[in-house]
Amino acid sequence: MTDLKPARILALETSCDETACAIIENGRALLSSVVASQMEIHARYGGVYPEVASRQHVLSITPVVEQALAQAHLTLADIDAIAVTQGPGLAGSLVVGMNMAKGLALGSGLPLVGVNHLEGHLYSAWVHDADETIPAEPQFPLMALLVSGGHTELNLMTDHLTYQRLGATLDDAAGEAFDKVARLLELGYPGGPAIQKSAEEGDPNRFKFPRAWLDETHNFSFSGVKTSVLYEVRELKKKSSTLPISDLAASFQQAVVDVLFKKTMNAAREFGAKEILVAGGVSANRVLRQTFRAQTEFPVHIPQLSLCTDNAAMVASAGYYRYALGHLSQMDMDVLPTWVLG
Ligand code: KG4
Ligand code: ZN
């Protein structure tokens with residue numbers, strides 16, 4: 001996009017358990033990205049403990065912002081706008097990033113742009129490292145699969161910031177299913193990477209777990225496959241004290257990937273999409289990435305690995321397009337009201 005005004009955006013993301021700050025130029029070139037992960041702390045509880053997350057954000061936010069500015073060799077005087085995730089997410093976590101962002105904006109006289117976390121995930125596919133050759137820009141109409149720990153949905157993007165939600169999960173999000181099955185198989189938290197690792201040694205065809213095609217719709221359902229793994233584990237435990245963990249992990253992973261891939265392909269063809277985008281924490285999954293890269297005729301955009309899970313670079317990118325295009329209203333904001341200063 002050549003006709004958009006140039007701008008540097010500093011963004012904050014604190015919707016869940018990562019305290020993150022990033023600076024991006026013109027929506028795509030990443031100047032710095034800092035993520036302070038709380039993963040080890042929450043692993044003790046087997047999932048995110050909201051009160052602890054909130055307190056960790058308070059401790060981390062100032063050093064994380066200072067580090068992002070230092071890494072980019074910039075000061076606030078070099079920034080054109082502040083962006084921040086305003087939802088959805090944990091209220092006690094969001095409020096830390098939002099208050100910091102409001103403080104930075106008020107203190108420096110910069111405009112403040114609220115960004116929807118899911119929109120942020122989609123824009124992670126626009127981001128590239130500043131010193132890397134610029135990858136092709138996603139082209140509209142774009143079929144966008146968002147697969148995270150809290151959401152699984154298919155959106156048709158007909159232009160920047162313009163979404164038609166075609167379907168979503170009726171029960172568990174794909175990432176949530178990974179996390180629950182990992183717990184069941186005692187693989188630990190977070191479940192996605194643990195299942196992926198275990199699955200590398202396993203046979204994806206050993207167990208035929210169900211695929212919920214929900215053919216007449218673009219919706220998803222992952223509770224059936226999760227329950228089916230549970231029943232299989234119960235049956236196996238009756239026969240032996242050692243479980244074929246890797247085969248269970250690989251077969252479960254394959255069932256989820258099959259559904260995500262085929263349903264995205266069907267929707268892309270039905271709606272005449274030019275390209276496909278896959279984003280959100282589960283897009284870090286190696287089998288999912290390989291499947292999308294190898295098995296389709298469409299150009300496919302998947303964020304670099306470090307930008308699949310929560311980060312602020314994606315918020316900076318979405319914030320840039322909102323700022324540059326003057327679209328300061330939000331996608332479905334179901335958590336907090338829309339606000340913009342400046
Ligand atoms: O996008 P994200 O960081 O947070 C939300 O916005 O929810 O996604 C986190 C989710 C978790 O459920 C995690 O298990 C999953 O993404 N995940 C993966 C992988 N890495 C993270 N799932 C499958 N394979 C992975 N390699
Ligand atoms: Zn996320």
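Can you pull out the strands (runs of 3 or more DSSP E) entirely within the range 39-150 that have at least 1 residues that are farther than 21 Å from G192 by Cβ, assigned by TED's automatic domain parsing to the domain that holds A316 and within 16 Å of ligand 2 (Cβ to nearest atom)?
Passing ranges, in order: 81-87, 112-116.
I'm trying to understand the selection: among the residues of the range 301-327, which are touching a helix residue (DSSP H, G or I) at 6+ places or on another chain (Cβ under 6 Å) and touching a residue at least 40 places away in the same chain (Cβ under 8 Å)?
Initial filter on the range 301-327 (touching a helix residue (DSSP H, G or I) at 6+ places or on another chain (Cβ under 6 Å)): 301-303, 305, 307-309, 313-315, 317-318.
Hits for the range 301-327 are H301, I302, P303, L307, C308, T309, A313, M314, V315, S317, A318.
Which residue, of L112, L106, is surrounded by fewer than 17 Cβ atoms within 10 Å (Cβ to Cβ), over 30 Å from D247 (Cα atoms), at pLDDT below 95 and out of contact with any His (no Cβ under 7 Å at 6 or more places or on another chain)? Working first, answer last.
Values: L112 fails: surrounded by fewer than 17 Cβ atoms within 10 Å (Cβ to Cβ).
Result of the check over L112, L106: L106.
Give me the pairs: first residue in the range 1-26 and over 18 Å from G109 (Cβ atoms), second residue more than 16 Å from ligand 1 (Cβ to nearest atom) and among the charged types (D, E, K, R), beta-carbon distance under 6 Å, and six or more apart or on different chains, which are they?
Qualifying pairs under 6 Å: E25/R8.
State which residue pairs qualify: first residue part of a loop (DSSP other than H, G, I, E, B) and surrounded by 21 or more Cβ atoms within 10 Å (Cβ to Cβ) and inside the range 175-190, second residue at pLDDT below 95 and among the small types (G, A, S) in any location, beta carbons under 7 Å apart, and separation of 6 or more residues or different chains.
Partner pairs satisfying both residue conditions: none exist.
Tell me which residues, restricted to the range 279-293, are more than 17 Å from A182 (Cβ to Cβ), more than 11 Å from ligand 2 (Cβ to nearest atom) and in contact with a Phe, Trp or Tyr (Cβ under 9 Å, 6 or more places away or on another chain).
If the condition is that a residue be more than 17 Å from A182 (Cβ to Cβ), more than 11 Å from ligand 2 (Cβ to nearest atom) and in contact with a Phe, Trp or Tyr (Cβ under 9 Å, 6 or more places away or on another chain), then T291, F292 are the ones that fit.
Would you mention how many residues in the range 29-67 are within 22 Å of L305 (Cα to Cα), touching a strand residue (DSSP E or B) at 6+ places or on another chain (Cβ under 6 Å) and at pLDDT below 95?
2
The values are calculated or read from the model by the stated rules, or taken from the named source; none is laboratory data. Values in this document were obtained by computation on a predicted structure and should not be read as measured data. Positions of Cβ are generated from backbone atoms using ideal geometry, with glycine treated the same way; all protein chains shown enter the neighbour counts.
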